Amino acid sequence: MLKFIYKRAGLLRKSIMRFLFLLSVVISGIVSVVGFAFTNMTTISFDPTGGNFVGGNGNPGLMFVMFPMLIILYFFFAMMFVFEKLHERFLVKRKLFQAFYSGVFLLILGMTIYRIVSFRNEINPYFEYEISYLNPFSNHLFFNFWTFIACLCVSGFCSFYLKKRM
């Protein structure tokens with residue numbers, strides 16, 4: 001009888017821990033999506049006429065990603081465990097998942113690099129000095145839906161190596 005009670009208590013504890021983990025993943029996911037969205041939305045658009053130039057206060061759009069950075073990192077690391085469980089449920093081969101994650105990541109990386117270089121070449125003639133890649137006008141290139149998906153692909157790809165390392 002005592003073994004039955006301990007077994008029931010253990011199952012209850014496991015289900016509570018799973019629920020709390022999933023709740024933390026959902027909440028951190030919402031914070032991550034909102035951070036990426038607000039950073040994208042608060043990016044100052046480049047105005048070559050000079051009416052929209054930023055003062056000396058730095059890059060204000062990044063505060064939506066920098067303040068909740070630990071929560072965003074937790075989300076992407078927790079997604080490794082979620083992806084690991086998803087991979088166990090599907091009977092598709094590991095190589096297919098890895099090829100998909102790598103392909104999507106490389107496609108998004110190529111698009112992003114092309115957009116960054118094009119945007120920098122477009123705005124550099126309007127400045128006295130050469131402007132860097134990460135500037136107040138380029139947040140929308142780094143923090144958008146596609147980079148969020150690319151980070152998820154990295155989490156999915158890394159999920160295959162969890163059991164080997166732990």
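The values are calculated or read from the model by the stated rules, or taken from the named source; none is laboratory data. Note that the structure is a prediction, hence the values are computed from the model and not measured. We place every Cβ from the backbone using ideal geometry, glycine too, and count neighbours over all the protein chains shown. To get the accessible areas, we keep the full protein, side chains included, count just its heavy atoms, and leave off ligands, DNA and RNA. Shrake-Rupley method; radii C 1.70, N 1.55, O 1.52, S 1.80 Å.
Summary table
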| item | result |
| --- | --- |
| Only one of Leu62, Leu141, Leu70, Leu96 that is crowded, with 18+ Cβ neighbours inside 10 Å and free of Cβ contacts under 8 Å to residues at least 40 places away in the same chain | Leu141 |
| Qualifying residues in the stretch 118-130 (those that are part of a loop (DSSP other than H, G, I, E, B) and either within 27 Å of the chain's Cα centre (by Cα) or of a type in the set (Phe, Trp, Tyr) (or both)) - the one farthest from Thr39 (Cα to Cα) | Tyr129 |
| Lone unmet requirement of (1) exposed (fewer than 14 other Cβ atoms within 10 Å of the Cβ); (2) modelled with pLDDT of 90 or more; (3) within 17 Å of Val65 (Cβ to Cβ) for Tyr133 | (2) |
| Any chance Val82 is among the aliphatic types (A, V, I, L, M), out of contact with any Pro (no Cβ under 9 Å at 6 or more places or on another chain) and either open to solvent by less than 70 Å² (accessible area, probe 1.4 Å) or within 22 Å of Val154 (Cα to Cα) (or both) | yes |
| Hits in the stretch 137-160 - residues which are of a type in the set (S, T, N, Q) and under 13 Å from the mean Cα position of the chain (by Cα) | Asn144, Thr147, Ser155 |
| Whichever residue in the stretch 99-130 is in contact with a helix residue (DSSP H, G or I) (Cβ under 7 Å, 6 or more places away or on another chain) and among the hydroxyl-bearing types (Ser, Thr, Tyr) and, among such residues, is most open to solvent (accessible area, probe 1.4 Å) | Ser102 |
| Check on Phe90, over 19 Å from the mean Cα position of the chain (by Cα) and aromatic (Phe, Trp, Tyr) | yes |
| Odd one out for Tyr133 among (1) without any contact (Cβ under 8 Å) to a residue 24 or more places away in the chain; (2) in a helix (DSSP H, G or I) | (2) |
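Residues are listed down the side, and each one gets a yes or a no for (1) modelled with pLDDT under 90; (2) in contact with a helix residue (DSSP H, G or I) (Cβ under 8 Å, 6 or more places away or on another chain):
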{"residue": "Ile30", "(1), (2)": "no, no"}
{"residue": "Val33", "(1), (2)": "no, yes"}
{"residue": "Phe36", "(1), (2)": "yes, yes"}
{"residue": "Asn57", "(1), (2)": "yes, no"}
